[in-house]
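Below is one structure, written out as structure tokens, with a few remarks after it.
The values are calculated or read from the model by the stated rules, or taken from the named source; none is laboratory data. All values reported here derive from a predicted model rather than from experimental measurement. Quick reminder, even Gly has a Cβ in these numbers, built from the backbone with ideal geometry, and neighbours come from all protein chains shown. Just so you know, the surface numbers come from the protein's heavy atoms only, side chains and all, with ligands and any DNA or RNA stripped out. Shrake-Rupley method; radii C 1.70, N 1.55, O 1.52, S 1.80 Å.
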Amino acid sequence: MIQDLHRVLSTYWQHFLFVLPKLLVALVLLVAAVFIANRVSALLGGRLRSRSADPLLADFLANISKWIMVLLGLLIALNILGFSGIVGSLVGAAGVSAFIVGFAFKDIAENFLAGVILAFNRPFHINDTVEIKGLVGHVEALNLRITLIRTFDGKHIFLPNSMVLKEPLINYTRDGNLRQEFLLSVDLGADTTPDVATDIILHYLRTVPEVQQSPRAPYVNLEKAGATTADLRVYFWADSEDYRRGVLQLKSRLMQQVKQELVGAGLGVPALAG
């Protein structure tokens, strides 16, 4: 029995010594493939970012190219080790494998395909301000599985690509222009009409550099009029490149300044509403 065990171990050892050179070559090749994939991916990403105005798509394509090269290196390493039959079976059974993997890793496959669609469909770019299911923030990254956005209070939200693709997405900064509005109630007095308050508001808005005057000029609508009061809704367009500072803070400042202008003209402003 000991002799049989010794013979079996000796046989396995001889096989190991026979396979060892191929194993070392395959290991070196795999390490080289990973190294080359990382370098080529970084180089490709840099080239794409320098020639394209869309760094999001450049990073996505660089990541895909890296994993494709790593997979090719793995298949070549298996072939060197003598597993060509396994490699051929994997390639030949690609349809069945895709079905099994797709079923077992449905969410991963779904997020990957959604990421590919998002990368080429381009509903947003890096630093765009978007809203998805009530979550508002800047887009920071898109990878093979998730979309990363950062809220205005510094929180990072990792959203599955499939959810980003399926849910309604609001892009506040895609066109660079955004309309805002606010409502104010004005005490007109006995001898003052809503047109007087409207003229005061528009005159002030024309002096604010951040408020667009052409082709979309600010305007004021009368929503409700009483004996001595009027509810006026003020509309204006602003540059939305920086949504929080360029639009929201501008709106807050305009609401305060418009109130001061009306009060300075002898009109009362009991309430302001966003």
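The protection proxy used here, the mean number of other Cβ atoms lying within 10 Å of each residue, ranks peptides 227-239, 65-77 as follows, highest first: 227-239, 65-77. The HN-Hα couplings worked out from phi for segment 262-268 by the Karplus form 6.51 cos²θ - 1.76 cosθ + 1.60 (θ = phi - 60°) are 5, 5, x, 8, x, 9, x Hz, whole numbers, x standing for Gly and Pro. Within the shell defined by Cβ-Cβ distances under 11 Å, the residues around Thr228 carry a net charge of -2, with Lys and Arg each +1 and Asp and Glu each -1. The residues of segment 177-265 expose, per residue, 55 Å² of accessible area to a 1.4 Å probe. Rounded to the nearest 20, the Cβ-based charge dipole of segment 128-171 about its Cα centre (Lys and Arg +1, Asp and Glu -1) stands at 160 debye. Each listed q (0.18, 0.22, 0.27, 0.32 Å⁻¹) maps to a log10 I(q)/I(0) for segment 128-171, found by the Debye formula over equal Cα scatterers with no solvent: -0.43, -0.64, -0.98, -1.31.
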